[in-house]
Amino acid sequence: MIAAAAVAVALALRAVRARARRPSFPERTGVGRDGMEYLVVGDGPKTALIIQGGPGSELPTGPSKRLALARCAPYIEEGYTVWNVSRRRNMPVGHTIADMADDYAAFISDELPNGVDLVIGVSLGGMIAQHLAARHPGSVRRVALAPAAGALRPGSVEFDRRWAAARADGRFDDAGAIFLELVMPGPERAELRQGLGPLAGRMFAKSPVPKGDLLVEAEAEAGFDARAVLPSIQAPVLIVCGDQDEFFPPEIVEETAELIPDCTVVVYEGQRHLGAGMSPRVPRDVIAWLKEHPV
C-alpha cells in the first residue's frame, strides 16, 4: 500500500512535479519512545499527526521530503503544526494494528499531552488511526482516512506480503517491479514492470526500516478488521477513497461509514488506491471538511 518510499517512486516518474516549489516552514526532527522518529513542520496552534502507509514507515528524505512538505503546506497555512511520525522499531512478531495504535497513543501522551486535533491516516496508517480513535478517544479529536476503511478486500493483503518479503530479503529489483503493479497494473504490462523494477527498487534499498518490521506490518494487515470497534469512535471521521481502490473497495468504505457515528465520505471517480491517496485534492477536501467540523 502507500508508504513514504513508494510515494517517492510514483512521483519520481513525474520528475518535474517532484521539484515543485514550496514555501519554507520551520521544521525539526527527533526520536520518541521505542524509536518512533518524527518530523515536525510548522508552528501553528493546532496539531495534525500523519500516520504513514506501509509496510514500513520512515521519515521522508530527498525528493520525497520535498513532496511531503508540499503536501503539508495547506494544513500549516490553516494553523496546524504537522507531525509526521514513523512506527516503532523492532516490533515483536504478532504485533497487531491495534498494538500499533497503542504505540501512537503512547507517543501522543509523551509528546502531545493535550491530544491531537487531526489524525491523517494514509492506507495502513488509516487502519491504525481507526483503532487509535476507538481505543484512545481522548487522544484524537478528528480523523481523516486517506484512503482506508474498516477492512481490506479479501486477498488484497497478498500484494503487501510479496512486497514486504522482497524488501526484507534484499530483492529490490523484485520489490520495485511489485510496487509498479500499483502504477502499471495488468498482465500486459508485466514485462515493462520487470524492466523498470531495478530503477524503482533503488528507492527501497536504503530504507532504515528493520527487515522484521516489514514482515510484522504485512502480517498485521492480514489480521486487520476494525469493524467491531468502529461504533465506539467518538471523533468525526472523513474517508477519502477512490471508486476503483484495490484494497478498500466502495462497498467496504460504505459499510465502514455506516458503522462510524459521524462519518463523511468523499469519492474520487476513476481513481485506484495510489491515485486517490496522492491526489492533490486530498488536503483541500480535508481542510474543507475540517471547517465543517470545528473542534
Return a yes/no flag: does segment 256-271 have any residue that is in contact (Cβ under 8 Å) with a residue 40 or more places away in the chain, among the acidic types (Asp, Glu) and open to solvent by 30 Å² or more (accessible area, probe 1.4 Å).
-> no
Can you find even one residue in segment 130-141 that is assigned to a loop (DSSP other than H, G, I, E, B) and either open to solvent by 20 Å² or more (accessible area, probe 1.4 Å) or at pLDDT 95 or above (or both)?
-> yes
So how many residues does segment 31-46 have that are farther than 15 Å from residue 103 by Cα, in a strand (DSSP E or B) and either open to solvent by 20 Å² or more (accessible area, probe 1.4 Å) or touching a helix residue (DSSP H, G or I) at 6+ places or on another chain (Cβ under 6 Å) (or both)?
-> 2
Subset tally (residues that are farther than 23 Å from residue 57 by Cα, among the small types (Gly, Ala, Ser) and in a helix (DSSP H, G or I)) for segment 167-210 | 2
What number goes with the only condition from (1) in contact with an Asp or Glu (Cβ under 7 Å, 6 or more places away or on another chain); (2) among the β-branched types (Val, Ile, Thr); (3) open to solvent by 10 Å² or more (accessible area, probe 1.4 Å) that residue 178 does not pass?
-> (1)
Give me the pairs, please: first residue somewhere in segment 198-213 and in contact (Cβ under 8 Å) with a residue 60 or more places away in the chain and open to solvent by 50 Å² or more (accessible area, probe 1.4 Å), second residue anywhere and in a helix (DSSP H, G or I) and of a type in the set (A, V, I, L, M), beta-carbon distance under 7 Å, and either six or more positions apart or on two chains.
-> 203/5; 203/8; 203/9
Restrict the check to segment 275-283 and report whether at least one residue is under 18 Å from residue 155 (Cα atoms) and either open to solvent by less than 70 Å² (accessible area, probe 1.4 Å) or not in a loop (DSSP other than H, G, I, E, B) (or both).
-> no
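To keep it simple, each residue is scored yes or no on (1) surrounded by fewer than 20 Cβ atoms within 10 Å (Cβ to Cβ); (2) aliphatic (A, V, I, L, M); (3) in contact with a helix residue (DSSP H, G or I) (Cβ under 9 Å, 6 or more places away or on another chain); (4) assigned to a helix (DSSP H, G or I).
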position: 55; (1), (2), (3), (4): no, no, yes, no
position: 68; (1), (2), (3), (4): no, yes, yes, yes
position: 92; (1), (2), (3), (4): yes, no, yes, no
position: 100; (1), (2), (3), (4): no, yes, yes, yes
position: 113; (1), (2), (3), (4): yes, no, no, no
Please tell me if residue 9 is open to solvent by less than 10 Å² (accessible area, probe 1.4 Å), at pLDDT below 95 and outside any loop (DSSP other than H, G, I, E, B).
-> yes
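The values are calculated or read from the model by the stated rules, or taken from the named source; none is laboratory data. Note that the structure is predicted; figures quoted are calculated from it, not measured. Neighbour counts run over all protein chains shown; Cβ positions are idealised from the backbone, glycine included. The accessibility values were calculated without ligands, DNA or RNA, using every heavy atom of the protein model including side chains. Shrake-Rupley method; radii C 1.70, N 1.55, O 1.52, S 1.80 Å.
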